[in-house]
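For reference, the structure discussed in these notes is given below.
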Amino acid sequence: LRSLGADVENPLDSRRDLERQRYPGTSTDFSDVSWEAPAIHGYCGIGEGLVLHTPEFAAAAASNAGDEGMIRAASAMALSAVDILSDRAFAARVRDEFEAYRREEFRNVPGIPPGFSPFPREFAELFEA
């Protein structure tokens, strides 16, 4: 993203890790998709000390800062797609890294049988093209 001129912030500056310690969150369908295809579950900031699903968060989301946060998030997603779609070597590295991670991290997951897929095989094959 930086090579295309995007203003990318250092993810280590995020306060999200602190938020996770207090509020771990819940599961989403995103985890099903990320089981089969490389995925990014990004976060964007719209204000200090906000907690999801509160009136204060809703007000911040409707503010100029909320708009700016969404524009930055959408830009990062779009530029990520540009990187993957315009650079076959980069796309292959993403896929290879995902497959290596999947082989290592998706083994011996408690309660999930070997070879499990949350999707029917014919649907999952669409991601393998």
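See the values below:
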read-out	value
Residue count, the stretch 5-57 (criterion: in a helix (DSSP H, G or I), modelled with pLDDT of 60 or more and out of contact with any Gly (no Cβ under 9 Å at 6 or more places or on another chain))	8
Out of Ala74, Ala81, Ala100, Ala89, sole residue that is at pLDDT 85 or above and either in contact with a strand residue (DSSP E or B) (Cβ under 9 Å, 6 or more places away or on another chain) or surrounded by 11 or more Cβ atoms within 10 Å (Cβ to Cβ) (or both)	Ala74
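The values are calculated or read from the model by the stated rules, or taken from the named source; none is laboratory data. For clarity, every value in this text was computed on a predicted model and none was experimentally measured. For neighbour counting, all protein chains shown are included, and Cβ atoms are generated from backbone atoms with ideal geometry for every residue, glycine included.
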